[in-house]
Amino acid sequence: MNLLWQGLTISLLGLGLTFAALGLFILAMVLLKRLFPEAPKAEEQPVTSALSQASDEDEIAAAIAAALSHLQSLEICRSGLGEALEAGRGRWWLVSRATAYSAKAHRANERDNS
Amino acid sequence: MTEAGVSRRVPPQPSEQGDGHASLITELQEQRKRIRAGGGPARIEVQHAKGKLTARERLSRLLDEGSFQEIDAYITHRHSDFGMDQERYAGDSVVTGFGKIGGRRVCMYAQDFTVLGGSFSEVQGQKVAKVIDLALDAGVPVIGLNDSVGARIQEGVYSLAAYSELFWRNTQASGVIPQISVMLGPCAGGSVYSPGLTDFVIMTKGSSHMFITGPEVIKTVTREEVDLETLGGAMTHGAVSGVSHFVADDEVAALELTRKLLGYLPSNSAEPPPAVEPTDDPWRMDADLNTIVPVDPGEAYDMKAVIQKVFDLGSFLEVHEHFAQNAIVGLARLHGQVVGVIAQQPLTLAGVIDIDASDKMARFIRFCDAFNIPLVTIVDSPGFMPGVAQEHGGIIRHGAKIVYAYSEATVPKLAVITRKAYGGAYIVMSSKYIRTDLVYAWPTAEIAVMGAEGAINILYGKELKQHPDNAEARRAQLVNEFREKFSKPYRAAASGHVDDVLIPAETRPRLIAALELLRDKQATRPPRKHGNIPL
């Protein structure tokens, strides 16, 4: 019986502590909200199309800007393709080849000697 | 004359030298003149009458102007049987030396038909052996211009031994320096094995013939009657036997082709292949590629058109153009870099892989790997050719060569599946797990164990037989379901068997980018004496 009472006491104590901690968190949140209130939201402006308000010149300018931006993005994504090929084989290839050849020669020598 | 008193192009005349030396120089010049005359004006006339050039004329056409340096021009044979003591020519029946093609060093030998029919003598063997040794030491390609009646009978075993020396050297040089044989006349008997051992054989229509035994011997032994051209002409070896990799219309075209071919080859196995300044936009995306593969899987299309649109414009040099046309192999450029292209041709036998196509592809793959040429494979094959003749002919052994060649290749390997990649054809044609670095597929790719109809017959054959009344409708439904599952590449991509699915037009930039990544690729192989390819 003693063990049962002891178990129940510990369970109740644990539950009590958990809820007490949660209560403290809620209290802290409420306090923080009061201390740092949210800035009032700016009144939403109605969405209007820039193009619909723009004059013909503005439309042309916008089109040119869009085309330029598109071209620029193409240039960015296109830059560099094939440059590594134009540069020729790199050190990795040369070193690996040299190592492979010397290892081969070493093996051949060992074979000859044996 | 230059400041040093030495003319840049023409040696000074004897009169300009000291008196004591004049006669020596004159004698040397006389000797040179005699050597240049080969077998004499009458024989040169006969050679020209046949529409053929002499050995020296061929060399001057092939090599950069003024670059040829002759060696062993004074050597003569030592035999006297059968009146050979009366038939001694300085330099004997071959001209050997070195020069340049497109500024690149090459070693050369040209058989001189005007001297004893260009017959292969002990001395010719020694001269050719020396020039191959030089090429091997210098790490430069060796090119042979062949025009010979064959072994010099009067020299007996000495001539045969000289052949052995040549074949041994051809084998030693294989995979170390490129070897090209240009056939400009007859080549009969055992001598055919030298070109047979080299990397590329170029034959000339009408004037070049290759065979082990001639029409007369064949008639005697097997009673078959065959003419020279049908037996061993350029088109026979170019289209039927596959001995010849290229067929040229005439000698000049053959020599021009040799120059062109050399432009794709490195000088030796330690060097990368020669790159050129890129002339084509790496980002060129041909919209025609998006619609080039018909939606109907039974409809054919021209794979060569795909190749032309993907690789640098005008750069594709097809090898074995007339042989096993269901497969395509050749050298091309991607952003100026040399690549080996292997593909199927759906226009011929639906791109099926047969014995000849296997041999053609496997040999080409091994050549590219030996000389550091990256491989780009374009796959559209319904599988291996069925049939008793193929099975009895050893399609298993021959087909295994392809998978062996791809598996042992350590150069960058890229693959693009344009449509069918069924069964064995999928596996052997540069699939992911035989270590292809990057495998791409077009949205039209179908990767499956077999075609939809065949698969449904096997999987649902019994069920379809049990309900014959609505068998056709059910079959159509099942075929459609199968196609829906396997006629798109996304299932293969989802499991990593395909690295990416491409819009066909973007194949070119994607291949260039992949090639760029793999520029310095190094793959190791376990040490061994050599592998055992199923020959």
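Just so you know, all these numbers are worked out from the coordinates, no wet-lab data involved. Since this is a predicted model, take the numbers as computed values, not measurements. Cβ coordinates were reconstructed from backbone atoms using ideal geometry, including for glycine residues, and neighbour counts include every protein chain displayed.
What is the extension gain from B:A138 to B:Q172, computed as 0.36 nm multiplied by their sequence separation minus the C-alpha to C-alpha distance, in nm to one decimal? All intermediate terms of the calculation are to be shown ahead of the outcome.
On the way: separation 34, 0.36 × 34 = 12.24 nm, distance 1.42 nm.
So the chain would gain 10.8 nm between B:A138 and B:Q172.
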Summed side-chain charge close to B:P382 - residues other than B:P382 whose Cβ falls under 10 Å, Lys, Arg +1, Asp, Glu -1 | 0
For B:F82, what is the net charge nearby, where nearby means another residue's Cβ is under 11 Å from its Cβ and Lys, Arg count +1, Asp, Glu -1?
-> -3
Would you mind working out the magnitude of the charge dipole of segment B:325-378 relative to its Cα centre, with +1 at each Lys and Arg C-beta and -1 at each Asp and Glu C-beta, to the nearest 20 Debye?
-> 180
In degrees, nearest ten, helix B:19-36 long axis to first principal axis of chain B (Cα) | 40
Each residue of segment B:488-501 in order: what ³J(HN,Hα) in whole Hz does its phi give by Karplus 6.51 cos²θ - 1.76 cosθ + 1.60, θ = phi - 60°, with x for Gly and Pro?
-> 10, x, 5, 5, 5, 5, 5, 9, x, 6, 10, 7, 6, 9
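Would you tally the net charge around B:V252, using a Cβ to Cβ cut-off of less than 10 Å, leaving B:V252 out, and scoring K and R as +1, D and E as -1? Please report the intermediate quantities before stating the final value.
Numbers: positive: B:R58, B:R61; negative: B:D249, B:D250, B:E251, B:E256.
Result for the neighbourhood of B:V252: -2.
Taking each residue of B:271-281 in turn, how many C-beta atoms of other protein chains fall within 10 Å of its C-beta, and what is the average?
On the way: counts 2, 5, 0, 0, 4, 0, 1, 3, 0, 0, 3.
Partner Cβ neighbours, averaged per residue: 2.
Taking 0.36 nm per residue of sequence separation and subtracting the Cα-Cα distance, how much length would be gained by fully extending the chain between B:N532 and B:V449, in nm to one decimal? Can you show the working numbers first?
Values: separation 83, 0.36 × 83 = 29.88 nm, distance 2.81 nm.
Between B:N532 and B:V449, full extension yields 27.1 nm more.
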Sorted by chain and then number, the residues having a modelled amide H within less than 5 Å of the amide H of B:G39, at least 5 places away or on another chain, are B:T114, B:V115
What residues have an amide H closer than 5 Å to that of B:V319, excluding those fewer than 5 places away on the same chain, when H is modeled at 1.01 Å from N in the peptide plane?
-> B:V329, B:G330, B:L331
Among B:312-325, B:171-184, how do they line up from the highest to the lowest mean number of other beta-carbon atoms within 10 Å?
-> B:171-184, B:312-325
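GluC sites (Glu not before Pro) within segment B:179-252: which are DSSP loop residues with at most 10 other Cβ atoms inside 10 Å? Each step should come with its number before you reach the end.
Details: sites: B:E216, B:E224, B:E225, B:E229, B:E251; in loops: B:E224, B:E225.
Sites meeting the loop and neighbour criteria: B:E224, B:E225.
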What does segment B:137-234 give for Rg and for Dmax, in Å, if only its C-alpha atoms count?
-> 14.6, 49
Taking the highest mean first, how do the peptides B:81-92, B:256-267 order by number of other beta carbon atoms within 10 angstrom per residue?
-> B:256-267, B:81-92
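Given 0.36 nm per residue, what is the gain on full extension from B:E229 to B:R34 after removing their alpha carbon distance, in nm?
Details: separation 195, 0.36 × 195 = 70.20 nm, distance 3.53 nm.
Length gained, B:E229 through B:R34: 66.7 nm.
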Quick one: which residues, 5+ away or cross-chain, put their amide H under 5 Å from the amide H of B:G156? H built at 1.01 Å from N.
-> none
For segment A:97-114, in order, what is each residue's ³J(HN,Hα) by Karplus, 6.51 cos²θ - 1.76 cosθ + 1.60 with θ = phi - 60°, in whole Hz (x at glycine and Pro)?
-> 5, 4, 5, 4, 5, 5, 5, 5, 4, 4, 4, 5, 4, 4, 5, 4, 5, 6
Antiparallel DSSP beta bridges within the protein assembly as shown, percent to nearest 5 = 35
The helix B:157-173 Cα axis meets the longest alpha-carbon principal axis of chain B at an angle in degrees, between 0 and 90 and rounded to 10, of 50
Distance from segment B:458-535 to segment B:228-246 (C-alpha centre basis), Å = 36
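Helix-only mean residue ellipticity at 222 nm, chain B, DSSP H runs n ≥ 4 weighted -39,500 (n - 2.57), per residue, nearest 500. What is it? Before the final figure, lay out each step's value.
Values: 19 runs with 199 residues, N = 535.
Result for chain B: -11000 deg cm²/dmol, rounded to the nearest 500.
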Which FRET efficiency value, to the nearest 0.05, is calculated for A:K33 and A:S102 with the Förster distance at 56 angstrom and r the Cβ-Cβ distance?
-> 0.15
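Mind giving me the FRET efficiency for A:W93 and B:D250? R0 is 30 Å, r the Cβ-Cβ distance, nearest 0.05 is fine. Before the final figure, lay out each step's value.
Numbers: r = 41 Å, r/R0 = 1.36.
It comes to 0.15.
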Under 17 Å Cα to Cα from A:K33, which lysines show up? Leave out anything in the same chain fewer than 8 places away.
-> A:K41
Please tell me which of these pairs span more than 26 angstrom C-alpha to C-alpha: B:K304/B:K360; B:K432/B:K488; B:K432/B:K521; B:K100/B:K360; B:K205/B:K309; B:K205/B:K413?
-> B:K100/B:K360; B:K205/B:K309; B:K205/B:K413
Rounded to the nearest 20 debye, dipole of chain B from Cβ charges on Lys, Arg, Asp, Glu | 1020
Please work out the FRET efficiency for the pair B:D302 and A:L12, using the Cβ-Cβ distance as r and a Förster radius of 56 Å; give the result to the nearest 0.05.
-> 0.10
Angle between the Cα long axis of helix B:507-517 and the longest principal axis of chain B, 0 to 90 degrees, nearest 10?
-> 70
Work from the charge dipole of segment B:222-302 (Cβ charges, +1 for Lys and Arg, -1 for Asp and Glu, about the Cα centre) and give the residue of B:N268, B:V243, B:T222 farthest towards its positive end.
-> B:N268
